[in-house]
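What follows is a single structure, written as structure tokens, with notes after it.
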Amino acid sequence: MPRVALVTGGTRGIGAAISKALKAAGYAVAANFGSNEEAAQKFRAETGISVYKWDVSSFDACAAGVKQIETDLAPIDVLVNNAGITRDGMFHRMTPEQWNTVINTNLGSLFNVTRQVFPGMRDRRFGRILNISSINGQKGQVGQVNYSAAKAGELGFTKALAQEGARAGITVNAICPGYIATDMVKAMSPDVLQKNILPQIPIGRLGEPEEIARCVVFLASDEAGLITGSTLTANGGQYFA
């Protein structure tokens with residue numbers, strides 16, 4: 001019976017690439033999404049991957065969503081916490097809504113979802129938890145105090161939970177992508193991309209979602225059992241942590 005993997009924010013962008021790569025590697029994949037029903041159903045039709053809609057910022061919604069997945073498939077062995085949003089703005093103009101929405105979705109979701117699966121992983125003596133953080137959680141970014149704070153918090157979450165899970169066969173790791181060629185990044189002005197973004201990246205190009213997905217597939221594997229509490233930096237040399 002294949003292991004079950006849950007990918008939050010798993011129907012678009014980096015999350016979609018992760019979902020597809022895990023399926024190709026033999027996992028039974030469940031992809032969570034929050035709002036874009038049309039995109040999620042198109043993804044399901046194209047890939048055959050089951051999709052589940054709920055708000056990861058709600059603990060109760062996460063409990064219900066995970067229960068449904070485990071009823072439909074089996075207990076979750078691999079969790080990829082990928083869901084995230086941005087509400088950018090300079091800090092002196094940032095509103096409580098901008099702050100709270102990003103913190104609750106990007107960081108709060110790690111507790112809300114992981115808390116549902118961690119006890120079962122402990123009981124079965126196996127688990128893989130992958131947290132998709134960001135280069136901006138490592139170095140910070142102007143106009144993204146909320147996002148950078150949440151993504152930095154993911155790294156602390158990773159290191160602490162890794163210590164709790166280690167003796168139970170659970171590894172917990174983080175991946176920090178740099179600029180990846182998702183729809184959001186490709187929607188930037190070509191002029192800004194060419195003059196401001198690419199010159200910062202030593203390899204001279206954006207990353208591809210599939211490159212992040214391959215990092216996930218490795219860290220989710222049995223062969224990666226020695227690696228826990230680590231941060232894998234995947235940014236083309238833009239920032240060394």
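The values are calculated or read from the model by the stated rules, or taken from the named source; none is laboratory data. Source: prediction; values computed, not measured. So basically every Cβ, Gly included, is an ideal-geometry build from the backbone, and we count neighbours across all protein chains shown.
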Matching option when the condition is under 14 Å from residue 5 (Cα atoms), modelled with pLDDT of 95 or more and of a type outside the set (A, V, I, L, M), among 50, 57
50
Exactly one of 115, 93, 124 is among the basic types (Lys, Arg), modelled with pLDDT of 95 or more and within 19 Å of the chain's Cα centre (by Cα), and that residue is 115
Within the stretch 191-203, is there a residue that is out of contact with any Gly (no Cβ under 6 Å at 6 or more places or on another chain), modelled with pLDDT of 95 or more and not in a helix (DSSP H, G or I)?
no
Taking residue 233 as the residue in question, decide whether it is surrounded by 14 or more Cβ atoms within 10 Å (Cβ to Cβ) and more than 16 Å from residue 132 (Cβ to Cβ).
no
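Of all the strands (runs of 3 or more DSSP E) wholly in the stretch 1-73, which have at least 2 residues that are buried (at least 22 other Cβ atoms within 10 Å of the Cβ), touching a residue at least 12 places away in the same chain (Cβ under 8 Å) and in contact with a helix residue (DSSP H, G or I) (Cβ under 8 Å, 6 or more places away or on another chain)?
So the answer is 4-7, 28-33.
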Looking at the stretch 139-154, can you tell me whether even one residue there is in contact with a Cys (Cβ under 7 Å, 6 or more places away or on another chain) and in contact (Cβ under 8 Å) with a residue 60 or more places away in the chain?
no
Look at residue 166 and say whether it is buried (at least 17 other Cβ atoms within 10 Å of the Cβ) and modelled with pLDDT of 95 or more.
no
Can you name the number of the only condition in (1) among the polar types (S, T, N, Q); (2) over 19 Å from residue 32 (Cα atoms); (3) crowded, with 21+ Cβ neighbours inside 10 Å that residue 141 fails?
(3)
Residues within the stretch 149-163 that are surrounded by 15 or more Cβ atoms within 10 Å (Cβ to Cβ), more than 10 Å from residue 106 (Cα to Cα) and not basic (Lys, Arg), tallied
6
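Would you check which residues across the stretch 179-199 are among the hydrophobic types (A, V, I, L, M, F, W, C) and closer than 17 Å to residue 134 by Cβ and list them?
180, 181, 184, 185, 188, 197
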